[in-house]
Structures are given as C-alpha cells and as structure tokens.
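The values are calculated or read from the model by the stated rules, or taken from the named source; none is laboratory data. All values derive from a computational prediction rather than experimental measurement. So basically every Cβ, Gly included, is an ideal-geometry build from the backbone, and we count neighbours across all protein chains shown. Each accessible area value is taken on the protein alone, full model and side chains, heavy atoms only, with ligands, DNA and RNA left out. Shrake-Rupley method; radii C 1.70, N 1.55, O 1.52, S 1.80 Å.
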Amino acid sequence: MDSEHWRAVITAAQAGDRRALDELVEGWLPLVYNIVGRALNGHADVDDVVQETMLRAVGNLGTLRDPDSFRSWLVAIAMRQIRDRARRRTPDRLEEAAASDFAELTVLRLQLEGQRREVAEAVRWLDDEDRHLLSLWWLEVAGELTRRELAAAVGITRQHAAVRVQRMKERLETSRGIVRALDGACPDLREITGRWNGRPDSVWRKRLARHLRGCGYCGGTREAVVPAERLLVGIALVPLPVGFTLSLALGGKTAAAATSAATSAGWSAKLLGALTKPVVAMTAGATIVAGGAYVVTQPPDAPPPRAAVAPTATAGSAPPRTSAPPAPTPRSSPTATKKADPYGTVVDAVDRAPDPNARPAALPRRPESGITSTGGPKAVMQHRGDSVTLTGRGYVLVRWQISPGSRPGALVMPSWTGLKGKLFHVASGGWRRMDDPLGGAPNGYATGMGGPSIGYAVLPPGTQQMWQNEYFYLDGSVTLTQNERGCDYGLTVFPTNRDAVVEDIDQGPPQGAIRYGLVRDTGTDSAPVPQYVTRATPADPATVPQRSRV
C-alpha cells in the first residue's frame with residue numbers, strides 16, 4: 001500500500017473527513033479480517049472480534065500520533081482483541097462450532113492447489129498460540145506486514161519473534177506431513193485414526209507425528225517439499241465473505257472523525273466496496289443492505305445490535321434441548337427493511353431423544369401440489385458434490401446411510417442452497433435415530449454412527465443428531481448437495497406426501513418400531529428450518545454457515 005496516500009487519508013480522517021474514514025475502514029478491513037480469521041480459524045467469534053477491532057481503531061483514531069505507524073497500531077489492536085477473546089473463553093465454550101473453517105475458505109477463495117493447499121489445511125493442527133502467530137507470519141511472507149510490525153503486535157522483541165516463528169514453522173511442517181499422510185492410503189494410519197473424531201488437536205498431532213516418524217509409507221513423499229514461506233509469498237488476502245456483517249456502533253467518546261461519521265446519515269457507498277460490491281441500497285441512519293451483507297451505523301444513544309449466539313451444544317453434551325432454539329437475530333436496525341426476512345427457528349443442537357414409546361405430536365397439514373426432482377423419484381447421492389434440485393410444494397424425504405466401516409471420522413453435513421421460497425424441517429422418522437443401538441449389528445457396528453471396532457461417524461459440534469429418515473416441506477425450489485469429506489455417507493432423496501410421513505412416524509416397520517418418530521412442524525412460519533440452508537449459491541456448498549440465515 002502507498003504509504004504517502006494512507007498518511008493523507010489517516011490525517012484527513014482524524015480531522016473529521018467522513019469519506020476519508022470510510023476509505024480507511026474499507027482499505028484495512030480485509031487485513032484485519034485475515035488476521036482474526038486465521039488466528040481463530042473461522043470461529044463463530046471472528047465477526048465479533050473484527051468488529052471490536054475496527055470499533056476501537058475508529059474510536060481511538062484521534063490518539064494516533066504518527067500516521068506512518070497506523071498499520072502496526074491496527075494489527076496490535078487486533079491481536080489484543082484476539083487475546084482478550086481467548087481469556088474470556090470458558091471451559092463449556094471450548095468446543096463451539098466454527099462459523100466456517102478459515103483454512104477451507106482460504107483454499108476455496110484463493111483457489112489454492114497442491115502444496116499451497118496443504119499449508120492452508122495444516123493450520124487446523126496448530127495450537128491457538130501458534131495459530132495466532134501464524135496469522136501474522138503468513139501476512140509477513142505475503143508482503144502485507146514487516147517483521148517489526150509482527151513483533152510489535154505480539155509484544156516481543158524482533159529476536160524473540162524470530163525464535164517463536166521458527167518453532168511455529170517446525171510445528172507447521174509437522175502438520176503438513178499429517179495432512180499429506182491423511183490423504184494417503186497407509187493401512188496402519190487408518191487403524192490408528194479409527195477412533196479419531198476428525199477434529200484436529202495437539203494430542204492427535206503428536207500421536208500422528210510419532211506414526212509419521214516411524215512409518216516408511218507416510219514418511220516418504222512423492223514430490224519435493226517446498227518451504228512454507230516460499231509457497232505463501234505473493235498470496236493475496238482472503239476476500240471478505242458474502243454476508244460478512246460489520247456493525248460500527250459509534251460511542252460518544254470517539255475521535256473527531258468517528259463523531260463526524262456518527263452525526264452523518266451513514267457510511268458512504270465506498271465503504272460497501274470493501275464488502276461484496278453488489279448494488280447498494282442505502283437507508284439514512286439505518287441499515288445499508290448490500291447483497292446479503294449488512295453494515296449498520298448507529299448514533300451514540302442507539303442500543304447496540306444483537307449478535308447471533310453461537311451454538312454451544314456438542315455431540316454427547318447434556319442436557320441437550322428438546323425444542324429448537326430461537327432463531328438468530330440479524331444485526332440490523334429495527335427500521336431496516338430487508339428483501340427477505342428470516343423465518344422459523346433453527347435446529348442447531350443435539351436433541352434429547354424421546355422415549356421409544358412416546359407418540360409423536362400430530363403433523364399439521366400443509367398445502368401439497370407435488371414436488372419434482374432433477375434426480376427423479378429416487379435420487380441416490382453417494383459422493384461429494386452430488387446434488388439434486390427440488391421444485392414445487394410438498395414433502396421431501398432425505399434418508400441417511402452412514403458408512404464408517406468404509407471410512408470413519410468427522411462428518412461434513414449436506415447443505416441446502418439457492419433457496420427460493422420456504423423450506424421447513426417438519427418431522428424425523430425411520431424408526432430410529434442414527435445413534436440408537438443396533439441389536440446384533442454385524443461388522444463392528446454398535447449404532448448407525450459406527451462402533452469401537454470400525455470407528456465412529458462424528459457430527460460437527462452443535463449439530464442435531466439426524467434420524468434415518470428426515471422429512472422436509474418445500475414451497476419453492478432448493479438444491480440439496482452431498483458434502484462428503486471425512487466419514488463416508490450417502491443420501492437418498494424421495495419426493496413424498498403427508499400421509500407417508502404420518503405412516504412412518506406413527507407406525508414404524510412391520511417388525512415393530514425401535515422408537516416412534518418426532519414432529520417438529522408448528523404449522524406456521526415458526527417451524528424449524530434446516531441448519532445448513534442459504535438463499536445464496538456458494539462455489540462450494542460445504543461452506544454454508546452452520547446457523548442458517550434464510
């Protein structure tokens with residue numbers, strides 16, 4: 001970035017120039033987003049930490065004496081917010097779900113391949129402290145930061161920073177070897193990972209590293225390993241995601257520029273260029289709606305916007321909720337008008353399994369004219385990327401078949417994309433949940449999720465435990481995509497009708513039900529929606545955020 005230009009912009013913003021402040025936020029928001037995103041690996045808190053960083057920078061801009069030190073000053077603020085967030089974490093929040101894996105976003109948005117992709121995915125295996133440091137070192141080798149700025153942000157000397165970076169690089173190279181090995185076909189490694197839940201952590205990093213050191217198959221490599229810093233040179237910043245939310249609540253004790261911005265009608269359209277560059281609709285003093293991205297400005301006396309609360313329930317947590325939680329509240333002004341309001345609740349926590357003999361509630365009646373499917377009357381989706389588009393008004397059955405015997409581990413959920421109209425999760429059936437015990441199960445299975453002798457299918461944290469048959473009601477059109485990566489699974493999708501749903505959940509198979517089904521439909525727009533649903537059509541459906549915004 002041209003230092004002379006930014007010196008002039010910062011000086012003008014400090015003097016109260018609103019356009020200069022807009023340009024400042026627009027120009028430096030991607031840097032902050034990349035630092036925080038990598039440090040937290042896309043955790044649900046990323047938006048909040050980015051927002052708090054920009055709030056503090058805008059609010060304290062008047063205290064910055066030297067405009068030339070703005071970048072190191074801003075990076076130091078970001079790192080303090082990251083550390084403050086780590087200190088606030090309580091034991092019951094340690095397993096919170098990521099909003100979207102930043103390693104995966106890096107690969108997709110920068111179209112990384114080969115060893116560059118390997119480096120991005122290896123980040124998942126680093127401890128928090130190493131990942132925080134790597135978020136800065138990555139930008140250093142990419143030409144976005146200097147070593148002096150890195151050391152200042154961490155609060156250590158340049159000599160100490162050199163030692164810390166070298167140790168982090170060693171663990172990163174170990175993690176690259178793990179990523180490479182997991183993509184291979186070592187039978188011994190498969191046996192070791194049979195009970196791994198698919199979530200990278202330091203314990204499994206050390207365990208797998210020991211295997212790599214003693215394994216001729218995994219220890220070898222089919223190509224020369226390029227040092228990480230050479231792979232990262234010149235890689236651009238990961239662009240801000242569509243739907244990224246920035247809410248700048250301007251308090252009374254801000255710098256002159258912030259006060260000027262607060263008393264104006266709102267941010268200029270230029271700021272939205274830092275977001276998704278869509279057509280811009282502006283509402284004076286309220287929400288600026290931009291292709292799914294919300295930028296909210298508030299006067300000093302306005303209440304702060306409510307942020308959606310990340311789900312904290314995990315597989316095996318107790319006690320899980322029986323009913324669906326409240327829908328997340330969008331960060332927007334009460335006076336804002338959106339093109340499509342969110343509706344329904346989101347099933348985003350492990351359900352408490354009903355008693356096997358508990359009869360389901362009555363299933364409300366909804367209008368039915370029939371569903372057409374691009375996959376025909378029975379679409380079978382066995383592989384990552386398989387999809388089916390459903391259109392019409394009526395009921396749809398999604399039947400699960402999980403195969404940890406073929407490949408156990410973390411299960412990447414299917415997603416619903418390009419939704420037009422409404423989609424509800426109305427009932428669960430099939431006579432069992434996938435975690436119900438299977439009497440006399442063959443080949444090492446204890447439940448539909450696997451067993452100790454073959455490994456388990458593991459749900460993402462906060463995900464609802466699916467049943468063998470899951471029923472949905474569609475009024476419009478939507479595409480369902482199989483996102484298999486990790487544990488092997490298949491989906492069979494049938495257009496169906498209400499009578500068939502009632503028969504399944506009320507009666508069960510001829511040999512008798514393991515348990516009756518479960519009705520979720522309220523008969524209104526407050527019925528739950530699937531977790532992984534969006535009206536957008538992302539390049540990779542696997543990146544749909546866990547908490548749906550429809």
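Brief remarks on what is shown
- When Asp475, Asp499 are checked against the criterion of being closer than 22 Å to Val550 by Cβ and open to solvent by 40 Å² or more (accessible area, probe 1.4 Å), Asp475 stands alone in meeting it.
- Residue within the range 350-357 that is in contact (Cβ under 8 Å) with a residue 12 or more places away in the chain, within 18 Å of Thr481 (Cα to Cα) and either in contact with a strand residue (DSSP E or B) (Cβ under 6 Å, 6 or more places away or on another chain) or open to solvent by 20 Å² or more (accessible area, probe 1.4 Å) (or both) present: no
- For the condition touching a Leu at 6+ places or on another chain (Cβ under 6 Å) and either modelled with pLDDT under 90 or among the polar types (S, T, N, Q) (or both), Tyr456 does not qualify.
- Residue within the range 451-471 that is outside any strand (DSSP E or B), touching a strand residue (DSSP E or B) at 6+ places or on another chain (Cβ under 8 Å) and among the β-branched types (Val, Ile, Thr) present: no
- Residue in the range 106-121 that is at pLDDT below 80, surrounded by 22 or more Cβ atoms within 10 Å (Cβ to Cβ) and more than 15 Å from Lys169 (Cα to Cα) present: yes
- Summed over the range 170-185, the residues that are crowded, with 18+ Cβ neighbours inside 10 Å and either over 28 Å from the mean Cα position of the chain (by Cα) or hydrophobic (A, V, I, L, M, F, W, C) (or both) give a count of 5.
- The residues on offer are Ala57, Ala39, Ala12, Ala20, and the sole one that is of a type in the set (Gly, Ala, Ser) and open to solvent by 20 Å² or more (accessible area, probe 1.4 Å) is Ala12.
- Cβ-Cβ distances below 8 Å connect the following pairs, each with a first residue in the range 213-225 that is under 12 Å from Leu189 (Cα atoms) and open to solvent by less than 80 Å² (accessible area, probe 1.4 Å), a second residue that is at pLDDT 80 or above and in a loop (DSSP other than H, G, I, E, B), and a separation of six or more residues or different chains: Cys215/Cys186; Cys218/Cys186.
- Exactly one residue out of Gly385, Gly376 is touching an Asp or Glu at 6+ places or on another chain (Cβ under 9 Å), exposed (fewer than 14 other Cβ atoms within 10 Å of the Cβ) and more than 19 Å from Ala527 (Cβ to Cβ): that is Gly385.
- Lys206 being part of a helix (DSSP H, G or I), modelled with pLDDT of 85 or more, in contact with an Asp or Glu (Cβ under 9 Å, 6 or more places away or on another chain) and surrounded by fewer than 18 Cβ atoms within 10 Å (Cβ to Cβ): no
- Filtering the range 537-547 to residues that are modelled with pLDDT under 90 and in a loop (DSSP other than H, G, I, E, B) leaves Pro538, Ala539, Asp540, Val544, Pro545, Gln546, Arg547.
- Verdict on Gly462 being small (Gly, Ala, Ser), closer than 14 Å to Val347 by Cβ and within 25 Å of the chain's Cα centre (by Cα): yes
- Out of Arg190, Arg195, sole residue that is out of contact with any helix residue (DSSP H, G or I) (no Cβ under 7 Å at 6 or more places or on another chain), touching a residue at least 12 places away in the same chain (Cβ under 8 Å) and open to solvent by 60 Å² or more (accessible area, probe 1.4 Å): Arg195
- Counted as qualifying within the range 332-446 are the strands (runs of 3 or more DSSP E) with 3 or more residues that are at pLDDT below 95 and of a type in the set (Lys, Arg), namely 415-433.
- Inclusion of Leu133 among residues that are in contact with a Lys or Arg (Cβ under 8 Å, 6 or more places away or on another chain), in a helix (DSSP H, G or I) and open to solvent by less than 70 Å² (accessible area, probe 1.4 Å) is warranted.
- Breaking point among (1) out of contact with any Lys or Arg (no Cβ under 8 Å at 6 or more places or on another chain); (2) surrounded by fewer than 18 Cβ atoms within 10 Å (Cβ to Cβ), for Gly523: (1)
- Any chance Thr481 is of a type outside the set (D, E, K, R) and touching an Asp or Glu at 6+ places or on another chain (Cβ under 6 Å): no
- Residues (at pLDDT below 90 and among the small types (Gly, Ala, Ser)) located in the range 491-535: Gly508, Gly512, Ala513, Ser526
Yes/no per residue for (1) surrounded by fewer than 18 Cβ atoms within 10 Å (Cβ to Cβ); (2) free of Cβ contacts under 8 Å to residues at least 40 places away in the same chain; (3) more than 30 Å from Gly523 (Cα to Cα):
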site: Gln401; (1), (2), (3): yes, no, no
site: Gly405; (1), (2), (3): yes, no, yes
site: Leu423; (1), (2), (3): no, no, no
site: Gly430; (1), (2), (3): no, no, no
site: Leu438; (1), (2), (3): yes, yes, yes
site: Tyr445; (1), (2), (3): no, no, yes
site: Gly450; (1), (2), (3): no, no, yes
